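Peer 1: Take this structure, written in structure tokens, and hold onto it; I'll ask about it next.
The values are calculated or read from the model by the stated rules, or taken from the named source; none is laboratory data. A quick note: this is a predicted structure, and the numbers were derived from the prediction, not measured. Ideal geometry is used to build each Cβ from the backbone, glycine not excepted, and the neighbour counts take in all protein chains shown.
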Amino acid sequence: MMEMIVDGLSWLLLAGGGFFVLVGGVGVIRMPDLYTRIHAASVTETLGTMLILIGLMLHSGWELATFKLLAILVFLLFTGPVSSYALGNTALLGGLKPELGSQDPSKEGRDL
Amino acid sequence: MIALIGLVTLTLVAVAAIATVMATNLFVASMWFGIFSLLMASNFFILDAADVALTEAAVGAGVSTVLFMGALALTGEKEAIRSRVSWFPMAVLGVLALALFVATFQQPMLGDPMAPVHQHVAPWYLEQTPNLINIPNVVTAILASFRGYDTLGEVIVIFTAGIGVLSVLSFKPKRRQTISSEALAAKVRGVQHHSILRVVGKLVIPLLMLFALVVQFHGKYTPGGGFSAGALFAAAVMLYGILEGADRSAKAMPEKVMLRLAAFGATLYTSVGLVCMLLGGAFLDYNVLWPDPVVGQYFGILLVEFGVGLTVTTVLVMIFNAFANRPTY
Amino acid sequence: MTLTEQFPVLVVVLPLFVAPLLALLASRGNLPWLVATVTSALTFAMAIALAAQVMQTGVIYYELGNWPVPFGIGLTIGPLSAMMLMIISGASTVALVAGRESMNAEVGKAHQALLYSCWLLAMTGLLGITVTGDAFNIFVFMEISSLASYVMVANGPKRQALTASFKYLVTGTLGATFYLIGVGYLYMMTGTLNIADMAVRLADVSDTLPVMIAGGFVILGVALKAALFPMHAWMPNAYQRAPTPVAIFFAACATKVALFVMLRFQYELLLPNLGPQAAFLSSWLIPLCVGGFLVGSAVAMFERDLKRMLGYSSVAQLGYIVLGISLANSAGVTAAMIHFFNHALIKAALFVAVAGMVLRFGSSNIEQLAGVGKRMPWTTLGFVLAGVSLIGVPLTAGFISKWYLIQAVLELGGLGILLTILILVSSLMAVVYIWKVVEVAYFKEPIDGQSMVGVRETPMPLLVVLWVLVLANIWFGIDPSIPITLAEQEAAGFFGGTR
Amino acid sequence: MTLLGLYNYWIFILLLVVGLYAVLVKGNYVKRMIGLGIFQSAVFLLYITMDKVEGGTGPIMQGVPVPGQIYANPIPQVLILTAIVVGIAVTALGLALAIRIREEYGSIEESDIRRLDHES
């Protein structure tokens, strides 16, 4: 019984993680400029991967693999946001203006 | 299921390769190349080659991307666009691809256990390694002992690349086109204005080094060995250089010391072989190193792997420092 | 094991051991040069000992790490390998002894320690290719020698050296990687990397496409490395731009090692097992060889730079060698092997003489060498005699090569006569370009009389080396027993099926 | 399913052609080095494809040997480990040369360099 619950939970988490990764991917394509795209990508980076990793941990049970997954999780929690920050900060310092509103239609869908 | 994931990653590999070549901004191209290598590494993992995957991830996606960046900072990132299409190379490539494609139908399928490669030499290694060398990782056993001579050659290749880069960059152009010393300092200073990056990045460095040591000395039991450990260790130093400024990484790891250590690593490898010779065996015959041949093998592999790791680390660090600390002329 | 039993591996390991230590030497004085020369000379001595042993007792085998052969890496020194060992280590020694002053003139002392270290590494790589019996091991040592060679070319005095080196790097890497693909396909179909073992196992899968592809890739890769026409563009460039001593070394042996690999694959693997398909492959080579020696000689006639001229002449000479290889008969392969030896002697002598002239004139432009015959009589005479040998006049080593080659070609019947005529045409063109130098050297007054005042004869070591080589050219033209014995032994091995 | 078993080879061919295209056609020296990198990676893929055995694991014999356990072929892995190192060595040297060429010529475009060499 217990096993079944854990198993079901793990699949649920995996599916949820998969969903958020997909959402992030769609977001990266659909969003208009770099900053919003980073925003979308960070959904993949944090929520998506976190759910998947936890799901995998539940799946593997009390094994060495679980600790490795935990280590990966911690590592990603540190590096993911930092890399998003670095990307955004560099873009800003590099002179890339965020697109605010749509007053200027010529900038619509500007590619990077 | 795994095969399906393999198909997807392989397709992505192909996409990344095409994107790499199509990108006209070289900075973008080298980023794509890093992605390409990482995808390639994950694909290697799917194909049961964990050692190769680890090395490709560290070398291809890590070190070589950093080297490309270092070079681009000195050479400029825009590629001139050619309007002319050269048909001759395209035609040659087309013929080549066609010939290769037709030949694939006579090649063994992926994973076919009856393929000739799985029939002849390989089973012997899998059978005999536990008896003769007694370490679990057969890849390491072959790398360091059965085909140790190849690996010696590789160490020499990487050493040659190291002194080659030093030699090529030891020439300075006669007339300096100028760059102010402040600009140079700004260039080598790395990302010091990004405190968050520096703090988090520096948290990663010790972990990376620890992992490199595990890969180095635990490589007999798990995937790993001198090559991947060396690349990881060098990556840690490169990370330090990027975060704190290349002049500091050059100070921490001075060129002279690196060169000596690189030469020491290569010499250590050769010396192990020569000692075996002095003890009456063939070159690289670790069996004679100890009364019990299996123990002899153990020590031999330990020493040569250390030599490999040392040389790879120091050479890669040396090359990084040489690139990153070079003023733009 | 006794010391002599270790020679097969020591001949590779000695320079390989010394090279990293040499890189650490302070670049002052002549110490790096001395260390490199002594190492090279010791290697040469070992090579001679090995050759003597091979001539007496036949092929030498050595198992590295004492692992049985298809599992570990084995060394195989046959007669041809022994000859190549002598050529490589001999050329290196000669170039080092003769080239010291040129090196000092062209490359600053501060750069020399690393350069000489690369020199030893390049030599190690070439030696390693010739002794090994393992297909992948060839790749590894090919890369050692190539990387070191790129660095050495890049050390040349002009900025064009850098582009020459870069082109060499791209071509060389393409060649090595093609070779690696070929070996991959062979491995895929046979499951082994040892060449002898491969030859045995190839018989079962000989008529499959992947094996054909493998043969094609190996030949293509090696041809790129060997600067076979029309893939030769990098070579004259590299010879011209490299420091002159490096050019001596390369001209005598570097591309020949690639041809050696081609020869081994052709005769040990492809021809015995693939039969008609391999003959088909090599029939593709013949027009390339003919194009090579015609175009090479023709371009050499019009070159104004002496080093470049000799580079194109090498393209032509390599054409002769590959022609011998692709004839697929015993006489042809014998001729090719004899020309390995003789061409090394000829080109080394020519380049040593050129090194002397460049050292004194500071230029290798033929026009500017006017009057060199009077100022440097011995050097010029040496050049002319070596040139005579290049043309193939009787009583010189070059004649022996041509003689054997034409004999082999004539075995083909009608086509053979055509080829013979073309070879003779190419030799006539060689007469033209050598004569061009003679004319300038002896019969032309210097454009500017003043510039000749300070010019003296070349330094003694260089002159001695030059004349040793020239006399060797004549000696092996009169008594060519050593190269012929070795070549015939090897050819008998290929065609007698003993290996 | 038969065709999927050859998919790896096809990607190998594609990468080979893409890499070679960049080396032969592109005029920028750094781009050529990138092309060379792709070309070499193609070869890695060719070799690693050979090592896979259906139902096998990586060639690491940990713990108690399981009878009938199938392992992947370790030899291609060893070869490619060394080939990767060759790759990075060539890349590093090529980039160093590109840096020097840029310093001497002010450009790393083939066409510019040819023009400059022609002028001098």
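Peer 1: Test of understanding: among C:V218, C:V200, C:V211, which residue is within 14 Å of another protein chain (Cβ to nearest Cβ), in a helix (DSSP H, G or I) and under 19 Å from C:G125 (Cα atoms)? Can you show your working first?
Peer 2: Numbers: C:V200 fails: under 19 Å from C:G125 (Cα atoms); C:V211 fails: under 19 Å from C:G125 (Cα atoms).
Result of the check over C:V218, C:V200, C:V211: C:V218.
Peer 1: Could I ask something else about it? Can you pull out the residues in segment D:98-120 that are free of Cβ contacts under 8 Å to residues at least 24 places away in the same chain and either in contact with a His (Cβ under 8 Å, 6 or more places away or on another chain) or not charged (D, E, K, R) (or both)?
Peer 2: The answer is D:I99, D:Y105, D:G106, D:S107, D:I113, D:L116, D:H118, D:S120.
Peer 1: Here's something else I'd like to know. Does D:L6 satisfy being under 21 Å from B:S64 (Cα atoms) and assigned to a helix (DSSP H, G or I)? Steps first, answer last, please.
Peer 2: On the way: under 21 Å from B:S64 (Cα atoms): no; assigned to a helix (DSSP H, G or I): yes.
So D:L6 does not fit the description; no.
Peer 1: Also, I was wondering about something else. Of all the residues that make up segment C:341-366, how many are in contact with a helix residue (DSSP H, G or I) (Cβ under 7 Å, 6 or more places away or on another chain), at pLDDT below 90 and either within 13 Å of C:I434 (Cβ to Cβ) or among the charged types (D, E, K, R) (or both)?
Peer 2: Residues in segment C:341-366 being in contact with a helix residue (DSSP H, G or I) (Cβ under 7 Å, 6 or more places away or on another chain), at pLDDT below 90 and either within 13 Å of C:I434 (Cβ to Cβ) or among the charged types (D, E, K, R) (or both): 1 in total.
Peer 1: Further question: When you look at D:L14, is it in a helix (DSSP H, G or I), within 7 Å of another protein chain (Cβ to nearest Cβ) and under 24 Å from B:A3 (Cβ atoms), yes or no?
Peer 2: yes
Peer 1: To continue, here is another question. For segment D:24-54, give me each residue that is outside any helix (DSSP H, G or I) and at the interface with chain B (Cβ under 7 Å from one of its Cβ atoms).
Peer 2: Once the filter is applied, which keeps residues that are outside any helix (DSSP H, G or I) and at the interface with chain B (Cβ under 7 Å from one of its Cβ atoms), segment D:24-54 yields D:G27, D:N28, D:K52, D:V53, D:E54.
Peer 1: Moving on to the next point. So if I check each of B:G230, B:G226, B:G245, which one is surrounded by 13 or more Cβ atoms within 10 Å (Cβ to Cβ), within 30 Å of B:V295 (Cβ to Cβ), at pLDDT below 90 and assigned by TED's automatic domain parsing to the domain that holds B:L303?
Peer 2: Sole residue among the options that is surrounded by 13 or more Cβ atoms within 10 Å (Cβ to Cβ), within 30 Å of B:V295 (Cβ to Cβ), at pLDDT below 90 and assigned by TED's automatic domain parsing to the domain that holds B:L303: B:G226.
Peer 1: How do the helices (runs of 4 or more DSSP H) wholly within segment A:1-97 filter down when requiring 1 or more residues that are more than 30 Å from B:L207 (Cα to Cα): which remain?
Peer 2: A:2-30, A:34-42, A:64-93
Peer 1: Kindly establish whether B:V85 is within 9 Å of chain D (Cβ to nearest Cβ), under 19 Å from D:G35 (Cβ atoms) and surrounded by 16 or more Cβ atoms within 10 Å (Cβ to Cβ).
Peer 2: For B:V85, the condition - within 9 Å of chain D (Cβ to nearest Cβ), under 19 Å from D:G35 (Cβ atoms) and surrounded by 16 or more Cβ atoms within 10 Å (Cβ to Cβ) - is not met.
Peer 1: Among the residues of segment B:116-137, how many are free of Cβ contacts under 8 Å to residues at least 60 places away in the same chain and within 7 Å of chain D (Cβ to nearest Cβ)?
Peer 2: 7
Peer 1: Related question: In segment D:63-70, is there at least one residue being at the interface with chain B (Cβ under 7 Å from one of its Cβ atoms) and either among the small types (G, A, S) or assigned to a helix (DSSP H, G or I) (or both)?
Peer 2: Within segment D:63-70 (the criterion being at the interface with chain B (Cβ under 7 Å from one of its Cβ atoms) and either among the small types (G, A, S) or assigned to a helix (DSSP H, G or I) (or both)), the answer is no, since none of the residues qualifies.
Peer 1: Output the residues belonging to segment C:154-188 that are in a helix (DSSP H, G or I) and charged (D, E, K, R).
Peer 2: C:K167 - this is the single residue of segment C:154-188 that is in a helix (DSSP H, G or I) and charged (D, E, K, R).
Peer 1: Pull out all pairs, ordered by first then second residue, where Cβ-Cβ is under 6 Å, the residues are six or more apart or on different chains, the first lies in segment B:276-291 and is within 7 Å of chain C (Cβ to nearest Cβ), and the second is part of a loop (DSSP other than H, G, I, E, B).
Peer 2: Every condition considered, the pairs that remain are B:M277/B:F283.
Peer 1: Touching a residue at least 60 places away in the same chain (Cβ under 8 Å) and not in a strand (DSSP E or B): is that true of C:A41 in this structure?
Peer 2: So C:A41 fails the test.
Peer 1: Take the residues in segment B:1-18 that are more than 7 Å from every other protein chain (Cβ to nearest Cβ) and within 16 Å of D:F12 (Cα to Cα), then tell me which one is modelled with the lowest pLDDT.
Peer 2: Filtering segment B:1-18 for residues that are more than 7 Å from every other protein chain (Cβ to nearest Cβ) and within 16 Å of D:F12 (Cα to Cα), the one modelled with the lowest pLDDT comes out as B:G6.
Peer 1: Can you name every residue in segment B:268-304 that is closer than 25 Å to B:M318 by Cβ and buried (at least 23 other Cβ atoms within 10 Å of the Cβ)?
Peer 2: The answer is B:Y269, B:T270, B:V272, B:G273, B:V304.
Peer 1: Moving to a separate point now. Check B:A73, B:A53, B:A17 and return the single one that is within 17 Å of B:A235 (Cβ to Cβ) and in a helix (DSSP H, G or I). Write out each step before concluding.
Peer 2: On the way: B:A73 fails: within 17 Å of B:A235 (Cβ to Cβ); B:A17 fails: within 17 Å of B:A235 (Cβ to Cβ).
Just one listed residue meets the conditions, B:A53.
Peer 1: Just to be sure before I move on: is D:Y21 at the interface with chain B (Cβ under 7 Å from one of its Cβ atoms), hydroxyl-bearing (S, T, Y), over 15 Å from the mean Cα position of the chain (by Cα) and surrounded by fewer than 24 Cβ atoms within 10 Å (Cβ to Cβ) in the structure I sent?
Peer 2: no
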